[in-house]
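Quick notes on the structure that follows.
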Amino acid sequence: AGALSAQGLSEDDAATLAAMRVLLNKSETELLSLKHQLVETKAELKAAEERLREKDALIKDQEARIDDLIESRVPMDDMNDIMDENARLRKELKENEELLAECQKLLEEYVGEK
């Protein structure tokens, strides 16, 4: 009690001061904890932003590939023309093969007669 009165503090003041110091220490601990949480949250946010940038780049790449495919696709009318021409050429080829077989047969008969 003598030391308290030398500092000019009553026992109530000393108890209040001690309680305030406990609160201050607790607050400093909480503040440090919040600072660590903030650092962790910032790191998580940075990682999330990086993943978002990667996904965005992937989406842009896919959009470019889709645009390329759209630009290089054959219009349906042209595709129909190509298919019609294919069918016509197949028919012509078959007719030529039949004609060739007939010519070969005639040639064999002609050679057989000689």
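The values are calculated or read from the model by the stated rules, or taken from the named source; none is laboratory data. Note that the coordinates shown come from a computational prediction; the quantities given were computed from them, not determined experimentally. Using ideal geometry, Cβ is built from the backbone for each residue, glycine included, and neighbour counts are taken over all protein chains shown. All accessible areas refer to the heavy atoms of the entire protein, side chains included, with ligands and DNA or RNA removed. Shrake-Rupley method; radii C 1.70, N 1.55, O 1.52, S 1.80 Å.
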Considering each residue of the stretch 91-114, count those that are open to solvent by less than 100 Å² (accessible area, probe 1.4 Å), among the charged types (D, E, K, R) and more than 60 Å from the chain's Cα centre (by Cα), and give that number. 1
Which one of the conditions (1) surrounded by 10 or more Cβ atoms within 10 Å (Cβ to Cβ); (2) assigned to a helix (DSSP H, G or I) does residue 9 fail to meet, given that it meets all the rest? (2)
Every residue in the stretch 52-77 that is part of a helix (DSSP H, G or I) and exposed (fewer than 10 other Cβ atoms within 10 Å of the Cβ), please. 69, 70, 71, 72, 76, 77
